[in-house]
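Dropping the structure in here first, questions after.
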Amino acid sequence: MKKNAIVLFFALMLCGPAFAGEKAYPLVKELTLRYVDAKELTLIGKSNVPTGEYYHRIDTCAFKGFSKGEREQAISPAGWALVFKTDSPVITVNAEYGWEYSGINTMPMAYHGFDLYIKDGKNWLWAGAKGNGRRINGKYRTEPLTLVEGMERSEKLCLLYLPLYSELKTLSIGIAEDAKIEAAPSPFHHKVVFHGSSFTQGISVSRAGMAYPMQFERFTGLEVIGLGFSGNCKMQEQFAHFLESVEADAYVFDAFSNPTAAMIKERLEGFVERMVKAHPGKPLIFQRTITRESGNFDLRKRAINQAQRDMSDSLMPILCKKYKDVYYVKANASADDHETSVDGTHPNDRGYTLWARSIEKPILKILAKYGIK
């Protein structure tokens, strides 16, 4: 009997901290939540050009000439994030969608979900991600999504990336009823435009914060204005017209991934000239498009991709000499094992990390010339 009592005593001692921990760090189901309109928090990544709808990247009524697909991409908040402070032990989101994207080579959590990071010392540490992945009557479910729970009640600086490919009509952040939440100043400095293809918008990532411009943002501390457009970045008139109005400290272009070599030859100098005229004295950095794994055995695709690279390699040195603020850097999203692609065209998360790291030092070296560090 005495032996059993001793065993029970030690069992309770061992279990005690677990019970205390569960009580100290409650789950969503144990709390009453209140929701705060995301418009009360700090939004980063949006350009200076006004839009009629709060979560639209481009007002396609004010700027004409966009195709249906381009308009759909223009109303998604790709590349944007909310910044806020809270001492809540849980963080949830509740979104109402307008136009909804659906694809097979990108996680639903990325194209219409949310991706949360919390500052841990000097680094951004991933905290949680969630998306509405199931359709009902052709529409995605719209219910609160729990991004993280069971946290300490200390104040946390949060960075919440918004969906890459779907339109947001409303968004609210849920916290414990007795917790505080407030807008926080942007933790990033300066503003750098990233304009480009599906690579730049972030297709094939697992979650929104893994697009290479977003990783570049966290690596460098520079605020990114995300202007990626899947399949549609071909130095067209409508994009050039909009980009002329966007104010930033620097501009990075993924301009050679969508157009053919012939298009690059035809359009490049005119596009560069317009950007130089619109943004005098600002660094304009063009990236050579990446090598695609689809060309490992498909010789036709290899030739098309190589022609894009060869054309930009031949033209950009000339333009860099002609215009003192124009630069050319070479991006890379491949590794020796060739295991960095989702579908042969678009990189996976690892590939996009390699891309962000490959351009980090060259771009920072260029920006240092302009006092951007």
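Only residues that are part of a loop (DSSP other than H, G, I, E, B) and crowded, with 20+ Cβ neighbours inside 10 Å: list them for region 26-45, please. Working first, answer last.
Here is the first cut: in region 26-45, the residues part of a loop (DSSP other than H, G, I, E, B) are 26-27, 31-32, 41, 45.
Matches in region 26-45: 41, 45.
Is it true that some residue in region 351-365 is more than 25 Å from the chain's Cα centre (by Cα) and on the phi < 0 side of the Ramachandran plot? Give the steps one after another, and end with the answer.
Here is the first cut: in region 351-365, the residues more than 25 Å from the chain's Cα centre (by Cα) are none.
No, region 351-365 contains no residue that is more than 25 Å from the chain's Cα centre (by Cα) and on the phi < 0 side of the Ramachandran plot.
Yes or no: region 291-306 includes at least one residue that is surrounded by fewer than 14 Cβ atoms within 10 Å (Cβ to Cβ) and not in a helix (DSSP H, G or I). Break it down stepwise before answering.
Here is the first cut: in region 291-306, the ones surrounded by fewer than 14 Cβ atoms within 10 Å (Cβ to Cβ) are 296-297, 299-300, 303.
Within this subset, residues satisfying the condition of being not in a helix (DSSP H, G or I) are 296-297.
Yes, region 291-306 contains at least one residue that is surrounded by fewer than 14 Cβ atoms within 10 Å (Cβ to Cβ) and not in a helix (DSSP H, G or I).
Residue-wise test of (1) within 23 Å of residue 218 (Cβ to Cβ); (2) under 15 Å from the mean Cα position of the chain (by Cα); (3) acidic (Asp, Glu); (4) buried (at least 22 other Cβ atoms within 10 Å of the Cβ).
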| residue | (1), (2), (3), (4) |
| --- | --- |
| 65 | no, no, no, no |
| 79 | yes, yes, no, yes |
| 102 | no, no, no, no |
| 109 | yes, yes, no, no |
| 115 | yes, yes, yes, yes |
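Any read-out appearing in this document is the output of simple, stated calculations on the displayed coordinates, not a laboratory observation. Just so it is clear, the model here is predicted, and its values are computed rather than measured. Using ideal geometry, Cβ is built from the backbone for each residue, glycine included, and neighbour counts are taken over all protein chains shown.
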